[in-house]
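Only the coordinates and a few stated rules stand behind these numbers; no lab work does. On a predicted model such as this, the values are computed, not experimentally measured, just so you know. Because the Cβ atoms are built from the backbone with ideal geometry, glycine has one as well, and the counts that use them run over all protein chains shown.
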Amino acid sequence: MIRASVAGASGYAGGELLRLLSAHPAIDVGPVAAGSRAGERVGSVHPNLAGLADRELVATDAEVLSDADVVFLALPHGESAALVDSLPVGLPVVDLGADFRLSDAAAWQRYYGGDHAGTWTYGLPELPGARASIAASTRVANPGCYATAVALALAPVLAAGLAEPADVVVVAASGTSGAGRKASDALLATQVMGSMSAYKVGGVHQHTPEMEQSLTAAAGRPVTLSFTPLLAPMPRGIVATCTAIAAPGCTAEAVRSALHDAYDDEPFVHVLADGDWPLTGSVSGSNSVHLQCAVDAHSGRVVVVSAIDNLGKGAAGQALQNANLILGLDEASGLTVNGVAP
C-alpha cells in the first residue's frame, strides 16, 4: 500500500482529505499533523471520521511527514514553502494552499504579500495539457476552489474564440467552509443563517490572479476579470455565474458544443442536459463539476454556470485526483462522481 501523510489535518480541507484517503483502495493514512491541535485525537476534531477516531494528531514536522510516499499540505497560505524546503527533493507533494500556484511574482506580492516561493505544476487536470504535466511532476499546486469553478466554466469557451477576454465578470457564492475553520464573527451562525453577503469586493480576492492566469492561457490573450464573491448560508459548495462578451456570431449551441468537446471524456466534469441548471446540493460530497450555459442575446454575453463542492473538487478531492496521477494510479481512484442528497 502507498502511504500518505497530511499536514493541516485539523482544518476542513484536511478533514475531507482524511475522509477520502481512508476509503482509498491503494493508499493508507500515515502521519497526520495539525500544528496547534497536536496531541488531540482525530475523532475529537473530526467526529465524522470514526475509522480514524483514535489516531493522534502530531506536530507539523518535516521528518515525520517524510515517512510517506506522498505528502499533502493543507496549510494556511504562506506556510507550505518553508516546510517544503525540509522535505526530500523527490518526495511527491500536493500543496492545497496558494504558495506555488502563481507564475507572476508581482501578482503574489499584490494579493498575498511577502516573497513569492516559486511556481509548481498547476493541478487542474481537465485543462489542456495539464494531465500529462501533473503525471510527470512530483510537486503539484492544487488550484483554489473559486479558480477551479471559473476555469472549468470558461476555458473551453475562450479557447474556442466564442467570448471576448477583455471583459469577464464572475459572481460566485461559496459555503462557509470556504473561509476555513478559524473562528470569526462574520461566520457565526447568527450572522450567516438566512442571509447572504458579498466580501472582498473590487478585485481584491486572492483567487483573481489565479483565474486570470488559467483563462489567459486558454484564450491565448490577456484576460481581465471582475470577481465578486458571496458568502452563502450553507456549509459547503460553490455556484459560479461566469459571463463574458459574446464574440460575433456566437450561439448557445456553439458554446454547448465547446463544453462537450472539452469534457465529454472527462470523468468528473458534466455538461447538464439543456434546461437543467447546476445545484450545489447535487455535487455535495463528490469530485464532480456541473456546467450549464446560455447566450444572453439582450446583453450580448455568454453565460456559463458551474457548481462544485468547495471541499471536494475545490480542495481535497482535486488533491487526491492529482496524487493519483502523480503515483500512476487510476485518476478516479477513491473519488466519486455522485453527490449526496438531500
What percent do you get for the relative contact order of the range 146-310 when only Cα pairs under 8 Å and 6+ apart count?
31
If R0 is 51 Å, what FRET efficiency do you get for residue 296 and residue 26 from their C-beta distance, rounded to 0.05?
0.65
Compute for the range 228-342: radius of gyration divided by Kirkwood radius, i.e. Rg/Rh, restricted to C-alpha atoms, rounded to two decimals.
1.01
Say a paramagnetic label sat at a point 7 Å from the Cα of residue 201, along Cα to Cβ; which residues of the range 132-174 have their backbone N under 15 Å from it?
170-173
Arranged by the count of other C-beta atoms within 10 angstrom, fewest first, what order do 134, 308 take?
134, 308
Helix-only estimate, please: 222 nm mean residue ellipticity of the chain, summing -39500 (n - 2.57) across DSSP H runs of length 4 or more and dividing by its residues, to the nearest 500.
-7500 deg cm²/dmol
Using a simple spin-label model with points 7 Å from Cα along the Cα→Cβ vector, what separation in nm is obtained for residue 183 and residue 86?
2.8
Between 0 and 90 degrees, rounded to the nearest ten: what's the tilt of helix 317-326 against the longest Cα principal axis of the chain?
80
Is the range 23-118 best put as rounded, prolate or oblate by its Cα gyration tensor, with a ≥ b ≥ c the root eigenvalues, rounded for a/c under 1.5, and otherwise prolate when a/b is larger than b/c, oblate when not?
prolate
To the nearest µm²/s, what D does Stokes-Einstein give for the chain at 37 °C and 0.692 mPa s, using the Kirkwood radius over alpha carbon pairs as Rh?
162
Relative to the chain, whose Cα atoms define the longest principal axis, helix 252-263 and its Cα axis are tilted in degrees, nearest 10, by 30
Taking the 0 to 90 degree range and rounding to the nearest ten, how far is the long axis of helix 145-159 tilted relative to the main principal axis of the chain, both from C-alpha atoms?
40
Below 13 angstrom from the Cβ of residue 60, what's the summed charge of the other residues (Lys, Arg +1; Asp, Glu -1)?
-2
Assuming a viscosity of 0.692 mPa s and a temperature of 37 °C, what translational diffusion coefficient in µm² per second does Stokes-Einstein assign to the range 210-276, Rh being the Kirkwood radius over Cα pairs?
222
Taking every alpha carbon pair in the range 146-310, what does the distance histogram look like in 10 angstrom bins from 0, in percent?
11, 40, 35, 12, 2
So what's the gap between the Cα centers of the range 31-95 and the range 152-226, to the nearest angstrom?
28
For residue 264, put the label point 7 Å out on the Cα→Cβ axis and report which residues of the range 288-328 keep their amide N under 18 Å from it.
291-293
